[in-house]
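The values are calculated or read from the model by the stated rules, or taken from the named source; none is laboratory data. Everything quoted here is computed from the prediction, not taken from an experiment. Methodologically, a virtual Cβ is constructed for each residue, glycine included, from the backbone with ideal geometry; neighbour enumeration extends over all protein chains shown.
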């Protein structure tokens, strides 16, 4: 604010003291003058336009107006395109919108949009251009930028090259206030790579390909990686609570339960447009925010004991990604699904997909390959409950066309869950149905066979009980369910049954109908954990104080099949059983060779620590660690080998296995040799110390005039008492007989 002299009286001013005309207050005026942006925040600057003359200008303005009008209200007379001295345009224009929000939308949605094949629009706020110029960021004269010398960066996937040559996997452990990354050494103590105190304030999380390790702090999110574990990326979202990556590691979503408050001094990367928002979607490469979103208004939960309504539960992840990172979608409960295109984060077709009553949706985890469809598409499935006389609805939508390629109407639906198979070959809709009286409940499985012509739906309705867990085999076509006849949520954990399903054998490459393979009754199991490579599955009991069982199954057992299962594509065999008291979490390593279970201090304080097993369920090692919080295997990126190369490796797997067996035997034998050498060295050190002590003791006895060997003298005295001098020694021989066995045989 400029200084004021109004409080001074005329008689207080003496012309001899100073001359007002000679006082230079320009520095104060520049420092304190308030810069008003009002009136300019509805303007944007459009760069990247083609060069036209006066006659061509109206045509270009009309063509440009079609693009500009898609995000807000503007007119031809609100577009100013200056011309140069030569009568040609200067490749930019000023555009006025009817509101600041429309101007902000233009910057967000039209920047980097192609005007034609040769020209791409660049859109900025006029206030930003003016502000950057005032702050000295834009110089009057152009000076070429200084290009720094090339500095080689660390390889962010160096962890794939195990220095031991054994193809080990890494994992991170969070215990106490310490976070450490380790190599897995099977039965031996894990090899520590890095260990740091206060590395995170809440939790750690790997990115989908294992490139980054995420730490969460009150100031924001940090990404670490490389051989030196240096800080690579920073996302300044204050008081962040949760983090989610896109499948391809291109983007990251951060959420805080506290709305963002931009201080008067500004924020390093966020703007006033982000004020009051809870979600931010960032570009990982540039660390810049793409768009922010506020928390949706959702109805509060049930009331507590004092009659106060509980806060609504946050659905996470709130933003769900397509398999190729091209789209991200958000549910507007009961109304629609908003689908945004990356990286511009513009709403696809400028409108949300309206679906009455929609409560959930899921993207296909892989790019689908539907029969007869050659154009690009991603698939999204959704479901909406019954509304009045209208049935519940499940739909399969193709994006970007928004075409419903398959739909299913259902009645008497209590709830539904959507389960995609990892290759997007199948979609299972687990439908919980109630009777007319609503006193009993059963489950049916509606399986969409996505890659077959017309997307046929197969119904598995042989389940009479309620399904509490469902899991597809990764990269396979088998699944496991856990059912119960009791009411879920009871104080005592319900008794459960584990059922295995697989397709029938069919001719050629076709997949037959899904049939029930086997059911294991009278269990307490509630968790299904498939190996990431398929075939092996662990059925576990977690978060249960009465039981902590582990059962390891092979669904491709190489043995004789039972008579009733010869036409099925599975052969089930229980390999091993285990137990980990207080177990709260189970996770396979990315190779499918090992599985870890742990008891987290976040959930209880009894016997915290971890157990490690191989894929057959054989225990390798266990360790009790006080305040053990988290274990997470480091993911691996997808293989670079083609399907033909992978097939060739499987064909010659026995040859490779021989090499690995020799290496393992050498490693074990070298370890045994090292143990023997260590023990021999300890024994030699003991003998040397004993000899030195005997020599030192003999010298001390000689100095004191004592006998050299008191033990020998004592034995001589004892012998003299037994056999005095002159007496003959007598040898007494005593014979003892003992009957070991006695038999009687009658001879005719």
Collect the residues in the range 391-406 that are in a strand (DSSP E or B) and out of contact with any helix residue (DSSP H, G or I) (no Cβ under 9 Å at 6 or more places or on another chain), keeping them in residue-number order. 392, 393, 394, 395, 396, 397, 398, 403, 404, 405, 406
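Grab the strands (runs of 3 or more DSSP E) fully contained in the range 181-230, keeping just those with 1 or more residues being under 16 Å from the mean Cα position of the chain (by Cα).
Working: elements: 191-197, 204-206, 213-217, 220-225.
Those strands (runs of 3 or more DSSP E) span 204-206, 213-217, 220-225.
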Go through the range 231-243 and count every residue that is in a loop (DSSP other than H, G, I, E, B) and under 17 Å from residue 281 (Cβ atoms). 5
Does residue 401 satisfy the criteria of being touching a residue at least 12 places away in the same chain (Cβ under 8 Å) and either buried (at least 16 other Cβ atoms within 10 Å of the Cβ) or under 22 Å from residue 472 (Cβ atoms) (or both)? no
Name every residue in the range 589-610 that is buried (at least 22 other Cβ atoms within 10 Å of the Cβ) and closer than 14 Å to residue 552 by Cβ, in order of residue number. 595, 597
Count, please, the residues in the range 502-530 that happen to be in a loop (DSSP other than H, G, I, E, B) and farther than 30 Å from residue 453 by Cα. 3
Given the criterion under 28 Å from residue 394 (Cβ atoms), under 18 Å from the mean Cα position of the chain (by Cα), modelled with pLDDT of 95 or more and surrounded by 17 or more Cβ atoms within 10 Å (Cβ to Cβ), identify the matching residue among 328, 243. 328
In the range 337-365, how many are touching a residue at least 24 places away in the same chain (Cβ under 8 Å) and assigned to a loop (DSSP other than H, G, I, E, B)? 11
Residue among 638, 606 that is under 16 Å from residue 532 (Cβ atoms), modelled with pLDDT under 95 and not in a strand (DSSP E or B): 638
How many residues are farther than 13 Å from residue 587 by Cα and within 23 Å of the chain's Cα centre (by Cα) if we restrict to the range 609-644? 9
Confirm whether residue 357 is more than 22 Å from residue 277 (Cβ to Cβ), surrounded by 12 or more Cβ atoms within 10 Å (Cβ to Cβ) and at pLDDT below 95. yes
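Residue by residue, here is whether (1) out of contact with any strand residue (DSSP E or B) (no Cβ under 6 Å at 6 or more places or on another chain); (2) modelled with pLDDT of 85 or more; (3) assigned to a loop (DSSP other than H, G, I, E, B) holds:
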position: 583; (1), (2), (3): no, yes, yes
position: 613; (1), (2), (3): no, yes, no
position: 616; (1), (2), (3): no, yes, yes
position: 644; (1), (2), (3): yes, yes, no
position: 669; (1), (2), (3): yes, no, no
position: 672; (1), (2), (3): yes, no, no
position: 681; (1), (2), (3): yes, yes, no
Mind checking which pairs have a first residue in the range 545-574 that is modelled with pLDDT of 90 or more and a second that is exposed (fewer than 11 other Cβ atoms within 10 Å of the Cβ) and in a strand (DSSP E or B), Cβ under 9 Å, 6 or more apart or different chains? none
Name the residues in the range 321-336 that are part of a loop (DSSP other than H, G, I, E, B) and more than 22 Å from residue 385 (Cβ to Cβ), would you? 322, 323, 324, 325, 326
So, first residue more than 21 Å from residue 610 (Cβ to Cβ) in the range 631-647, second residue part of a loop (DSSP other than H, G, I, E, B), Cβ within less than 6 Å, six or more apart or across chains; the pairs are 637/209
Can you report the number of residues in the range 117-133 which are without any contact (Cβ under 8 Å) to a residue 24 or more places away in the chain and part of a loop (DSSP other than H, G, I, E, B)? 1
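Take residue 474 and decide whether it is over 30 Å from residue 324 (Cα atoms) and assigned to a loop (DSSP other than H, G, I, E, B). So that I can check it myself, show each step before the final result.
Values: over 30 Å from residue 324 (Cα atoms): no; assigned to a loop (DSSP other than H, G, I, E, B): yes.
Judged against the criteria, residue 474 is not a match.
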Of all the residues that make up the range 158-170, how many are assigned to a loop (DSSP other than H, G, I, E, B), touching a residue at least 40 places away in the same chain (Cβ under 8 Å) and surrounded by 14 or more Cβ atoms within 10 Å (Cβ to Cβ)? 2
More than 36 Å from the chain's Cα centre (by Cα), surrounded by fewer than 18 Cβ atoms within 10 Å (Cβ to Cβ) and at pLDDT 85 or above - does that describe any residue in the range 118-129? yes
Restricting the first residue to the range 652-667 and requiring it to be within 18 Å of residue 164 (Cβ to Cβ), which pairs with a second residue that is loosely packed, with under 10 Cβ neighbours inside 10 Å and modelled with pLDDT of 80 or more meet a Cβ separation below 7 Å and a spacing of at least six or different chains? none
Can you tell me how many residues in the range 171-180 are part of a loop (DSSP other than H, G, I, E, B) and in contact (Cβ under 8 Å) with a residue 40 or more places away in the chain? 1
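So, in the range 366-390, how many residues would count as being outside any strand (DSSP E or B) and surrounded by 15 or more Cβ atoms within 10 Å (Cβ to Cβ)?
Taking the range 366-390 as the starting set, the residues that turn out to be outside any strand (DSSP E or B) are 366-377, 385-386, 388-389.
The next check asks that each one be surrounded by 15 or more Cβ atoms within 10 Å (Cβ to Cβ); those that pass are 366-368, 370, 377, 385-386.
Residues in the range 366-390 being outside any strand (DSSP E or B) and surrounded by 15 or more Cβ atoms within 10 Å (Cβ to Cβ): 7 in total.
So that you can scan it fast, the table gives a plain yes or no per residue for (1) farther than 25 Å from residue 280 by Cβ; (2) without any contact (Cβ under 8 Å) to a residue 60 or more places away in the chain; (3) part of a loop (DSSP other than H, G, I, E, B):
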site	(1), (2), (3)
46	yes, no, no
58	yes, yes, no
65	yes, yes, no
73	yes, yes, yes
86	yes, yes, yes
103	no, no, no
Name the residue that is surrounded by the fewest Cβ atoms within 10 Å (Cβ to Cβ), counting only residues in the range 446-480 that are within 31 Å of the chain's Cα centre (by Cα) and free of Cβ contacts under 8 Å to residues at least 40 places away in the same chain. 467
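Within the range 310-320, is even one residue assigned to a strand (DSSP E or B) and modelled with pLDDT of 95 or more? Spell out how you get there, then give the answer.
Applying the first criterion (assigned to a strand (DSSP E or B)) to the range 310-320 yields 319-320.
Add one more test, that the residue is modelled with pLDDT of 95 or more, and what stays is 319-320.
Taking every residue of the range 310-320 in turn, at least one turns out to be assigned to a strand (DSSP E or B) and modelled with pLDDT of 95 or more.
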